[in-house]
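Shown next, in structure tokens, is the structure this report addresses.
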Amino acid sequence: IGVEMRKRQAAHIEAPPQAPGQPRPNTCCLCWCGCCKCLWNEDRMERSERQTCTKMDSIEAAEEQHPSLDEVLSWARSFEMMLRSLEGREIFREFLRSEYSEDNLLFWLACDELKKETNPSVVDEKARIIYEDYVSILSPKEVSLDSRVREGINQSLAEPSNLMYEEAQLQIYTLMHRDSYPRFLNSSVYRDLLASRRRTCLDT
């Protein structure tokens, strides 16, 4: 009798009773607590992982969206429109990098960001960072500014303002517009992108 009782107890431990109306074969004794070994809990985790992957795929697909053909064509009509487009700036920057003049665009963008700032302490900090990065003779980056404009900036450092680089920004804008922009439109960087967008339109 003792042997038979021990067998029954062992069988009870190995196969706990199932909840009424909720059959879950082969689950462990802690399945109601979310045990990692429970088949029901594993199914739930797999569903959650699939949902997460689906969300991530959607986010990545949105991030990988490319500019439309109309947008790429608009860059050839207007330098300003290209600069105001995030994708336009990135492809133009890629071209400038190949010509070792990327710093001109980065300087222009930094100045444009400074012009939007109204907090005096932030203006002071950003103005000095721009000076140290692009204007100072010790700056690690090279920007094509003439001596007159540089001297004006040096004088403005005593009382920095969000417009202190306005003339320098215009000078760099003009340089990029007249010099870099025409070469960009004739470069393989732009032409390959344009051809790719046209092929995409034909395929659809």
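Quick one: in segment 120-195, what % of C-alpha pairs are over 17 Å apart?
Working: 1526 of 2850 pairs.
Here the tail beyond 17 Å accounts for 54 percent of pairs.
No solvent, one uniform scatterer per C-alpha: report log10 I(q)/I(0) for segment 56-204 via the Debye equation at q = 0.14, 0.15, 0.21 1/Å, two decimals.
Debye curve over Cα of segment 56-204, log10 I(q)/I(0) at q = 0.14, 0.15, 0.21 Å⁻¹: -0.76, -0.83, -1.24.
Over segment 69-203, give the accessible area per residue in Å² for a 1.4 Å probe, as an integer.
Working: 7840 Å² over 135 residues.
Normalised by residue count, the accessible surface of segment 69-203 is 58 Å².
What is the spin-label model distance, in nm, from E113 to H66 if the labels are put 7 Å beyond Cα along the C-beta direction?
Here the answer is 2.8 nm between the modelled labels.
The values are calculated or read from the model by the stated rules, or taken from the named source; none is laboratory data. None of these values were measured; they are calculated from a predicted model. We place every Cβ from the backbone using ideal geometry, glycine too, and count neighbours over all the protein chains shown. Areas reflect the complete protein model, heavy atoms only, side chains present, ligands, DNA and RNA absent. Shrake-Rupley method; radii C 1.70, N 1.55, O 1.52, S 1.80 Å.
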